[in-house]
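Report on the structure given below.
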Amino acid sequence: MTDHDLEQLRREKWHLNGPPVRTLEDARAFIESVGFCLMYPLRPAVLVPTFIGAWAGSDEHLPTWQHAFSDPRAQEATGLMVRLLREHAAYEANLFDENNAFLVAGSIFPYFYALVGERNPKQAPKPGPRSEYSQLACDVFEAVRRDGPVSKQKLRETLSGSLSLAALDHALGELWSKLRITRVDYNPGEGAFWDVLYRWAPEAVREGVGLSVGEALSALLSKYLDCVIAADQQEVETFFGNFVPRSRVKEAMNALLAARELNFLRVGTRSLVQITPPREAAASNSRRPQAAKR
């Protein structure tokens, strides 16, 4: 395979050569196919598709989140993304930038929750010297738990009319980064609406709590490689290093390579990792010694 071949396979999977993703049905199929995507491209680039690119059917002149407010394509793509959130076909996470949604397909979200979320989600966060949460974040959690789904404006009024938007955004980000809360809706008049995740998606949270970090990471690694077709080990570690220690990523990749669930693919001058094709996997399994009969 050449670098050009790999690029074309990615463009086809990421809907960058058309047809664009414009209907809810198309959007569901896209997010399930890729597993995860950013809403807008990042600089420097991250090896993952974008929802705005799939909506446009191209990666030319795409807006970043800083310029999305003035781009009509962004407004229409956001409307479609919100519909995915409403029906739980996708979930939003605060992974790279709170202004740039990171979307995770509903089918793999429990695995993502197992890596990022709280193991006891109903237990309210508490402030303190060793706590990851500020007092304001704890107050926000209680308000969302009591009143959610609730808009940011309503939260501000409930907590204190003099509370700055920057302080409220920071508190929401603290909770969102641990999947304590999530954005569940949006309308132009009131903005985003928030709810506690364990109430919004009880089954997904319950499944995620029951998964081990090892099995969750293995599943997500496989899905990521399916999304990007093939990737350098460094690219995989860089991506997953945003939410788990890179040492864990390396261990999981080595285990999958040892089990022959992943293998190496020569692309140009590089040796990349891919999911082992079905025929090769079947041949590998047939060569393994069979367990002795009891």
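Before moving on, here are some points about what is shown:
- Flag for ALA219 being in contact with a helix residue (DSSP H, G or I) (Cβ under 6 Å, 6 or more places away or on another chain) and under 30 Å from ASP5 (Cα atoms): yes
- Pick from region 260-294, criterion surrounded by 14 or more Cβ atoms within 10 Å (Cβ to Cβ) and out of contact with any Ser or Thr (no Cβ under 9 Å at 6 or more places or on another chain), ranking: modelled with the lowest pLDDT: ALA281
- Inside region 238-269, residues that are assigned to a loop (DSSP other than H, G, I, E, B) and either closer than 20 Å to SER212 by Cα or outside the structural domain of VAL228 (by TED's automatic domain parsing) (or both) make up a count of 7.
- If you go through region 146-174 and keep only what is more than 18 Å from ASN99 (Cα to Cα) and either among the basic types (Lys, Arg) or at pLDDT below 90 (or both), you end up with ARG146, GLY148, LYS154, ARG156, SER160, GLY161, SER162, LEU163.
- Region 16-38 - residue that is touching a Ser or Thr at 6+ places or on another chain (Cβ under 7 Å) and not acidic (Asp, Glu) and, of those, surrounded by the most Cβ atoms within 10 Å (Cβ to Cβ): CYS37
- Checked against (1) closer than 25 Å to THR238 by Cβ; (2) surrounded by fewer than 22 Cβ atoms within 10 Å (Cβ to Cβ); (3) among the aliphatic types (A, V, I, L, M), VAL104 passes all but a single condition, namely (2).
- Some residue of region 57-71 being closer than 22 Å to TYR224 by Cβ and part of a loop (DSSP other than H, G, I, E, B): yes
For every residue, the table says whether it meets (1) under 19 Å from ALA192 (Cα atoms); (2) in the same structural domain as LEU225 (by TED's automatic domain parsing); (3) surrounded by fewer than 21 Cβ atoms within 10 Å (Cβ to Cβ).
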residue	(1), (2), (3)
THR50	no, no, no
ALA54	no, no, no
GLU60	no, no, yes
TRP65	yes, no, yes
PHE69	yes, no, yes
ALA74	yes, no, no
GLU87	yes, no, yes
ASN94	yes, no, no
ASN99	yes, no, yes
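- Residue identified as out of contact with any strand residue (DSSP E or B) (no Cβ under 7 Å at 6 or more places or on another chain) and more than 23 Å from LEU221 (Cα to Cα) among PRO63, PRO44: PRO63
The values are calculated or read from the model by the stated rules, or taken from the named source; none is laboratory data. Fair warning: this is a prediction, and the values are worked out from it, not measured in the lab. Please note: Cβ atoms are built from the backbone with ideal geometry, for glycine as well, and neighbour counts cover all protein chains shown.
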